[in-house]
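The values are calculated or read from the model by the stated rules, or taken from the named source; none is laboratory data. Bear in mind that the values here come from a model prediction, so they are computed numbers and not experimental data. In this analysis, Cβ positions are derived from the backbone assuming ideal geometry, glycine residues included, and neighbour counts consider all displayed protein chains.
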Amino acid sequence: MLVPRRREWTIRILATLAGLITLALSVWVFIGFDWTKAEFGTDDGYQFVEWYEWLPELGITVRLGIDGISAPMVLLTGLVIFTGAIISWNIADRNKEYYALLLVLVSGVFGVFIALDLFFLFFFYEIAVLPMYLLIAVWGSTRKEYAAMKLTIYLVAGSILVWVGMLAVFVESGAETFNLAALAQYEYPRTFQLIFLPMFFIGFGVLAGMWPFHTWSPDGHVAAPTAVSMLHAGVLMKLGAYGILRVGFGLLPEGTAFWAPFFIILGTINVVYGALSAMSQRDLKFVIGYSSVSHMGYVLLGVATLNQVGLTGAAVQMFTHGTITGLLFVLVGLTYDKT
């Protein structure tokens, strides 16, 4: 932000360098992760843990770390932001603000994947979501104002459900901390879980492109700049699935078991509806947008199986979909620029 706006090449180089450093750190963390100790949702499974007290009277602690689910997502985010920074070199209008918002968005994404405190997970979740409005409304193309507003309304509505569920979990547990591992130790009443698990699932599911709350996603893909579309499909949609797994299923297992058949039905609809819709499109960005909805259905199916094989498959699908979709948007963006 300290670089003068007129020095556009300096801004591009600094942003790309930031992406390269981020990628290098992501690779270092991924390589240094001990996969023999990769346990999901337990203190023993977290590695590279850092924490300090921030607002202890409110139970809020800055606690960061990664486990076997978040490690691939951190690497994926590093790959996408570095590629996105390079692809964005053709942004000429207010590129200083553009890159600043892009890096803020990515900071939020990283924060969600490494946060071990429920308060900060939600805080970073909002940091990742809110810049999307400006990135699409200012630097977008086709129906950009409509797509940006639609995206914002859907995602804010989902965030409200997550916020209500988060507060309910904190109050019901009686804990004096937002530590996810500590909150997971409390046995929540069955009725409580049956009520609030759908809140988390729908709230996070909106960002994951879950049917029938998916329509903002293809519109956002078409209107957004290429790099933003890469981040949108490559990592932002993964935040929704990750939130369902980390918060909803991690804290409310009995509610998860009850609602799992319903979630499997929704995931199946996602797969079939997204694929059929993709085949009927003529715009390449719409094709990729609806195919992303279909692919995220496989992630939801894997998560809803509630077994290790399904969770592993969901994690692999999130990583592969993020890389493949990101590359597809690069190709489509280059094609659009040449025509």
Condition (residue is within 30 Å of residue 173 (Cα to Cα) and either surrounded by fewer than 20 Cβ atoms within 10 Å (Cβ to Cβ) or not acidic (Asp, Glu) (or both)) applied to segment 129-138: is it met by at least one residue? yes
Considering residues that are in contact (Cβ under 8 Å) with a residue 24 or more places away in the chain, hydroxyl-bearing (Ser, Thr, Tyr) and farther than 15 Å from residue 120 by Cα, the number found within segment 149-185 is 1
Does residue 209 count as under 28 Å from residue 68 (Cβ atoms), surrounded by 24 or more Cβ atoms within 10 Å (Cβ to Cβ), without any contact (Cβ under 8 Å) to a residue 60 or more places away in the chain and touching a helix residue (DSSP H, G or I) at 6+ places or on another chain (Cβ under 7 Å)? no
Based on what the data block shows, is residue 294 under 20 Å from the mean Cα position of the chain (by Cα), modelled with pLDDT of 85 or more and under 26 Å from residue 219 (Cβ atoms)? yes
So, in segment 158-177, how many residues would count as being surrounded by 16 or more Cβ atoms within 10 Å (Cβ to Cβ), among the hydrophobic types (A, V, I, L, M, F, W, C), more than 19 Å from residue 236 (Cβ to Cβ) and within 22 Å of the chain's Cα centre (by Cα)? 2
Hey, any hits in segment 243-254 for a residue that's crowded, with 16+ Cβ neighbours inside 10 Å, of a type in the set (Phe, Trp, Tyr) and closer than 30 Å to residue 105 by Cα? yes
Identify, by number, the condition in (1) touching a Gly at 6+ places or on another chain (Cβ under 8 Å); (2) modelled with pLDDT under 85 that residue 145 doesn't meet. (1)
Taking the condition of being farther than 23 Å from residue 277 by Cα and among the aliphatic types (A, V, I, L, M), how many residues in segment 184-215 meet it? 5
From the set of residues in segment 111-160 that are part of a helix (DSSP H, G or I) and touching a strand residue (DSSP E or B) at 6+ places or on another chain (Cβ under 6 Å), which is farthest from residue 99 (Cα to Cα)? 119
Flag for residue 293 being buried (at least 17 other Cβ atoms within 10 Å of the Cβ), part of a helix (DSSP H, G or I) and β-branched (Val, Ile, Thr): yes
Can residue 168 be described as farther than 27 Å from residue 49 by Cα and among the small types (Gly, Ala, Ser)? no
When only residues in segment 247-257 that are of a type in the set (Gly, Ala, Ser) and more than 18 Å from residue 313 (Cα to Cα) count, which is modelled with the lowest pLDDT? 248
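Conditions (1) assigned to a helix (DSSP H, G or I); (2) at pLDDT 85 or above; (3) of a type in the set (Lys, Arg), marked per residue:
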| position | (1), (2), (3) |
| --- | --- |
| 162 | yes, yes, no |
| 165 | yes, yes, no |
| 182 | yes, no, no |
| 191 | yes, yes, no |
| 211 | no, no, no |
| 236 | yes, no, no |
| 245 | yes, no, no |
| 259 | yes, yes, no |
| 271 | yes, yes, no |
Considering residues that are under 30 Å from residue 302 (Cα atoms) and touching a residue at least 40 places away in the same chain (Cβ under 8 Å), the number found within segment 60-101 is 21
